[in-house]
1. Being within 21 Å of LEU261 (Cα to Cα) and among the hydroxyl-bearing types (Ser, Thr, Tyr) is the filter; apply it to segment 310-350 and report the residue that is modelled with the lowest pLDDT.
2. Filter segment 46-67 for residues that are more than 16 Å from ligand 2 (Cβ to nearest atom), assigned to a loop (DSSP other than H, G, I, E, B) and farther than 17 Å from GLY5 by Cβ; which is most open to solvent (accessible area, probe 1.4 Å)?
3. Can you spot a residue in segment 11-19 that is within 16 Å of ligand 1 (Cβ to nearest atom), open to solvent by less than 50 Å² (accessible area, probe 1.4 Å) and under 17 Å from ASP69 (Cα atoms)?
4. From the residues in segment 285-303 that are open to solvent by 10 Å² or more (accessible area, probe 1.4 Å), within 33 Å of the chain's Cα centre (by Cα) and in contact (Cβ under 8 Å) with a residue 24 or more places away in the chain, which one is farthest from VAL275 (Cα to Cα)?
5. Could you check LEU64 against (1) under 23 Å from VAL188 (Cβ atoms); (2) modelled with pLDDT under 95; (3) more than 10 Å from ligand 1 (Cβ to nearest atom) and say which number it fails?
6. Would you mind telling me which numbered condition in (1) free of Cβ contacts under 8 Å to residues at least 24 places away in the same chain; (2) within 16 Å of ligand 2 (Cβ to nearest atom) VAL83 fails?
7. At least 1 residues that are free of Cβ contacts under 8 Å to residues at least 24 places away in the same chain in each: list the strands (runs of 3 or more DSSP E) lying fully within segment 115-226 that qualify.
8. Just one of (1) buried (at least 18 other Cβ atoms within 10 Å of the Cβ); (2) free of Cβ contacts under 8 Å to residues at least 40 places away in the same chain; (3) assigned to a strand (DSSP E or B) trips up GLU28, so point out which.
Amino acid sequence: MSARGQVQLDGIVKKHGAFAALKGIDFEIKPGEFFALLGPSGSGKSTTLRILAGLDAPTSGRILVDGEDVTGADARERDVAMVFQSYALYPHMTVFENIAFPLEMAKRPKAEIGPAVREAAAKVKIEHLLDRKPGQLSGGQQQRCALARAIVRKARLFLLDEPLSNLDAKLRLETRVELKKLQRSLGVTAVYVTHDQEEAMTLADRMAVFMEGEIRQIGRPADVFAQPNSIEVAAFIGSPPMNLIPARYQDGSVLIGGRRLPTMLQTHGERDVVVGVRPSAVRFEADGIPATVEVVENLGDAAILDMSLAGTALRARYDRFPLPREGDAMGVTVRPEDIHLFDPVSRRRL
Ligand SMILES: Nc1ncnc2c1ncn2[C@@H]1O[C@H](COP(=O)(O)OP(=O)(O)O)[C@@H](O)[C@H]1O
Ligand SMILES: [Mg+2]
């Protein structure tokens, strides 16, 4: 086999009594791919990762790694490395001993362990910390140590469960960039759990959006962002979230605030729809639909305007200066290609 680290999940169900934490999970990951499991808390991401790691057994379904059925295999046989939010370092061991631990467990020769540990530590830039105990490290350094322990095994799969969530915002951004570089340079398949859509958007080659134990959409982040297939996915991805406005569709336009906005959908007839508009897609034109600025959230290089448009709330991103003021009247419009249409009953994209 040329490339290692291909993963396939077929119909994975996980029940806790009558409660189904996973209701049938299917996906395939290519060797070397960075694949994110994204979704709100409780949607089944960690359960899926633990089943993939062999830490939990599915109620039904199959797991294949490099074409081999590993459903019944235990964690050690699967050749996967896992990094958790809580790092799970051994506090009484030095950094060196922590990184060496998986190799010791695998009974690798002593002469091999030293160089392997130093090489892994170098990849995450903690060679100078090998004699310290985890308690003498910052959160970011502890996270690197946990990564080095995963790297040292040269596993075919990297499984990461919210690995950055204990870091402060600035360090999280830096570590995110380094993690991506590291994964690329190792060429290893990564499965990455996060509830943070920005993390998934920036890191993943592809992502699976989890909700209530199901995958609602799989695709490249840019495609899911551009074409969310349901109201729930649309609302979850993007920050600030997409505006979702109940409206009437009529012969190729939607009626909002007494005006017609042309859409890309050009069918005859009338129906109720939910119109989705990203805050960044709202345009300002003097003769647009009249709206009132209620709150201005200044972000420094732009602002989020909370507006009221014919009694409906509308959030818009505004990046011209000077900024409008609270109480100002403004005209807004949206280009046809920026209007997402959803069925209010099925919640699916039209
Ligand atoms: N051992 C368990 N017993 C009962 N319910 C569980 C157990 N483990 C997880 N769950 C439930 O399964 C659902 C999915 O959990 P989890 O996979 O941890 O979600 P996520 O990682 O997306 O936040 C949650 O509703 C959780 O409460
Ligand atoms: Mg979780």
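1. By that ranking, first place goes to THR312.
2. To start, the set of residues in segment 46-67 that are more than 16 Å from ligand 2 (Cβ to nearest atom) comprises 54, 57-67.
Applying the additional criterion that residues be assigned to a loop (DSSP other than H, G, I, E, B) yields 54, 57-59, 66-67.
Subsequent filtering for residues that are farther than 17 Å from GLY5 by Cβ retains 57-59.
Details: ALA57: 62, PRO58: 25, THR59: 82 Å².
So, considering only residues that are more than 16 Å from ligand 2 (Cβ to nearest atom), assigned to a loop (DSSP other than H, G, I, E, B) and farther than 17 Å from GLY5 by Cβ, the one most open to solvent (accessible area, probe 1.4 Å) is THR59.
3. yes
4. ASN298
5. It is condition (2) that LEU64 fails.
6. (1)
7. Numbers: elements: 157-161, 189-194, 206-211, 214-219.
Ranges flagged: 214-219.
8. Only one criterion is unmet by GLU28, namely (1).
The values are calculated or read from the model by the stated rules, or taken from the named source; none is laboratory data. These numbers come from a predicted model, not from an experiment. Cβ: placed from backbone, ideal geometry, glycine included. Neighbour counts: every protein chain shown. Just so you know, the surface numbers come from the protein's heavy atoms only, side chains and all, with ligands and any DNA or RNA stripped out. Shrake-Rupley method; radii C 1.70, N 1.55, O 1.52, S 1.80 Å.
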